[in-house]
Amino acid sequence: MKPDAITRQILFGSQKAGKTYTFDEKHDPTLPAQQWFQEPDEGLILFIVFYTQACRWSRCLGCNLPSKVSQDHVPYKSLMTQIDHIFVDPEVRSRASLIRKVIISNNGSVLDEDTFSSTALMYLIAQLNLNFPNLSVLSMESRPEYVDLAELEFISRALAEGDTPTRLEIAIGFEAFDNRIRNEVFDKGLSLEAFEGLVLKMAPYGYHLKCYFMQKPVPGMSDVEAVADIQNAIDYLNRIADKHDIHINMHLNPTYVATGTALETAFRKGRYTPPFLEDVAEAAHHARAKSVSIFIGLSDEGLAVEGGSFLLEDNQALVDKLERFNRSHDFNILDEICKTR
Ligand code: SF4
């Protein structure tokens, strides 16, 4: 599709959802949008958000991730320079042999070749093989409609040429389990049939799946309903994981009020408050002894309006406990949080 047609799609989605943010056109296109390290017990993770054209869908109710990238096409040569920038970064170089997982994102779909160049993707895989000898997982964020098995097989074959076996993980946004909330209110555009079709495609190859969920993603949902929605999602993903013998991780993000979205309007009118972390612990606790694993996202990425984050001045001790849970997967930590409410 022509780049200006994609820009029109992005603007259509943003307008449909009443988004008021602007895109980051001032960003230097030779630099990634963001990059950071995470250090769970299983090894060092490098998270890279490339600066590309924004998510074509762009209409999900509470999402302002596109505001960190461009509404216009970013050429493959700029993207390759962003990749070079990663691999000459002194901190990345000094920790290269420790990196076990790389997560690649563009705040949209890295498998959408109209927004993330295929040439740049191939170049990135080559650089990962050359520079990260102990890489064991490559995770790519994408909407399911851009997941192409032939492309995954090709990437997987290329990764197998690296020094260490590296498996692929596809990370998709699910956000809410209730069909009405997910598709009519949040406007995610994801049916369970499409999700299960993706699972059927991926399972025979042993690729892993990560599903992003948001606790309390929309106005009009009580805290109790929000907990129940995540618990229902855990039960569903658990059934799917068992039935298809596929590894599924739920990445549970407590919702924050993102600037320039309909959630901000509701928040300012007193019709929305972010979830309590105690409720997030209660929802996550439901994954105890299940096949589906769970990770709790504890960052608002600096994208929340003032007072609209689940991170409060007085809940750092709780955040520390949840971080401990993420590192250890010790459900007793969640038990303790639930009991002391
Ligand atoms: S949640 Fe994902 S699919 Fe939806 S608008 Fe944001 S980046 Fe696009």
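Below are the figures for this structure:
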read-out	value
Pairs where the first residue, in the range 2-21, is among the hydrophobic types (A, V, I, L, M, F, W, C) and the second is within 13 Å of the ligand (Cβ to nearest atom) and part of a helix (DSSP H, G or I), C-beta under 9 Å, 6+ apart	Ile10/Pro66; Ala17/Ala262
Residue satisfying condition, being farther than 26 Å from Gly297 by Cβ and either touching an Asp or Glu at 6+ places or on another chain (Cβ under 9 Å) or in contact (Cβ under 8 Å) with a residue 12 or more places away in the chain (or both), within set Pro40, Pro66, Pro75, Pro32	Pro75
Selected residue (only one of Ile125, Ile181 is of a type in the set (A, V, I, L, M), over 26 Å from Asp89 (Cβ atoms), at pLDDT 95 or above and in a helix (DSSP H, G or I))	Ile181
Options Ala258, Ala233, Ala281: the member that is buried (at least 21 other Cβ atoms within 10 Å of the Cβ), within 24 Å of Thr22 (Cα to Cα), of a type outside the set (Ser, Thr, Tyr) and touching a Cys at 6+ places or on another chain (Cβ under 9 Å)	Ala258
The range 41-58 - residue that is buried (at least 24 other Cβ atoms within 10 Å of the Cβ) and under 14 Å from the mean Cα position of the chain (by Cα) and, of those, farthest from the ligand (Cβ to nearest atom)	Leu46
Which listed residue, of Gln38, Gln34, is at pLDDT below 95, in contact with a strand residue (DSSP E or B) (Cβ under 6 Å, 6 or more places away or on another chain) and more than 12 Å from the ligand (Cβ to nearest atom)	Gln38
Matching entry among Leu168, Leu121 (being in contact with a strand residue (DSSP E or B) (Cβ under 7 Å, 6 or more places away or on another chain) and surrounded by 14 or more Cβ atoms within 10 Å (Cβ to Cβ))	Leu168
Any helices (runs of 4 or more DSSP H) falling wholly within the range 275-341 and containing at least 2 residues that are small (Gly, Ala, Ser) and not assigned by TED's automatic domain parsing to the domain that holds Pro40	277-285, 316-328
Residue in the range 232-274 that is nearest to Glu175 (Cα to Cα), counting only those that are aromatic (Phe, Trp, Tyr) and in a helix (DSSP H, G or I)	Tyr236
Test result for Tyr212, in contact (Cβ under 8 Å) with a residue 12 or more places away in the chain, over 27 Å from Tyr272 (Cα atoms) and hydroxyl-bearing (Ser, Thr, Tyr)	no
Flag if Gly173 is modelled with pLDDT of 95 or more and of a type in the set (Gly, Ala, Ser)	yes
Selection from the range 8-39 of residues that are in a loop (DSSP other than H, G, I, E, B), out of contact with any His (no Cβ under 7 Å at 6 or more places or on another chain) and not hydroxyl-bearing (Ser, Thr, Tyr)	Ala17, Gly18, Lys19, Phe23, Asp24, Glu25, Lys26, His27, Asp28, Pro29, Glu39
Extreme residue, farthest from the ligand (Cβ to nearest atom), among residues of the range 84-122 that are closer than 16 Å to Ile172 by Cα and in a strand (DSSP E or B)	Val102
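The values are calculated or read from the model by the stated rules, or taken from the named source; none is laboratory data. Everything numeric here is computed off the predicted structure, so don't read it as measured data. Reconstructed Cβ throughout: ideal geometry from the backbone, glycine too, with neighbour counts over all protein chains shown.
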